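The values are calculated or read from the model by the stated rules, or taken from the named source; none is laboratory data. These numbers were taken from a predicted model, which means no experiment stands behind them. Positions of Cβ are generated from backbone atoms using ideal geometry, with glycine treated the same way; all protein chains shown enter the neighbour counts. Side chains are part of the model used for accessible areas, which takes the heavy atoms of the whole protein and leaves out ligands, DNA and RNA. Shrake-Rupley method; radii C 1.70, N 1.55, O 1.52, S 1.80 Å.
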Amino acid sequence: MDLTKSRKGTGEATAEQNRSQTRNRISISKFLEVAFWGTIFWGIMRMGLHFFHFTPYGLSTFARPFMGITGEKTFAGAAMGALVLFVCSLLASFLYMLLFSRSRIWWNGLLYGVLLLLAVGFFFRIGKWEISTLSTEAAWFLSYGLFIGMTLSLEQADH
């Protein structure tokens, strides 16, 4: 009788290990999909927020390291900004999986959004922002981090 329980327990442990190994694998195509939709939705949101003057940072702000401040105001600046946002979304997805891959909590995305806000805010002098800019950027980064966190956590649980 003890042997039966022992075998059954070992089989269940092996099945659980196989499920956890499968759960940790997310395909490259899923990372590309998250980056694509993150770029589309949050790029449009950023353009709208900038258009209505909620923030001085539009989509083309992401192109600033490559095109300078004067290049931001062109169509090429907007296209380059979208491309940089796509690459940043791809890197942010990989980084999220490195930091939070063992956690099953969706809401870690909020913490991740705060970390992204602080990292980007450091380069854009977050200490000199007005409260309206800070609140807009905080909402954008929190929702962006939550999108990445929830999408990857749910994708990981589906496997």
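What the table shows:
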| item | result |
| --- | --- |
| Count of segment 37-63 residues which are within 22 Å of residue 132 (Cα to Cα) and part of a helix (DSSP H, G or I) | 15 |
| Restricting segment 120-131 to residues that are in a helix (DSSP H, G or I) and surrounded by 12 or more Cβ atoms within 10 Å (Cβ to Cβ), the residue that is farthest from the chain's Cα centre (by Cα) | 126 |
| Selection within segment 112-157 - of a type outside the set (A, V, I, L, M, F, W, C) and over 20 Å from residue 36 (Cα atoms) | 121, 125, 127, 128, 130, 132, 133, 135, 136, 137 |
| Matching option when the condition is under 12 Å from the mean Cα position of the chain (by Cα), of a type outside the set (Lys, Arg) and open to solvent by less than 60 Å² (accessible area, probe 1.4 Å), among 48, 58, 113, 77 | 113 |
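A quick yes/no check of all residues on (1) modelled with pLDDT of 90 or more; (2) of a type outside the set (Gly, Ala, Ser):
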site: 90; (1), (2): yes, yes
site: 102; (1), (2): no, yes
site: 107; (1), (2): no, yes
site: 121; (1), (2): yes, no
site: 134; (1), (2): yes, yes
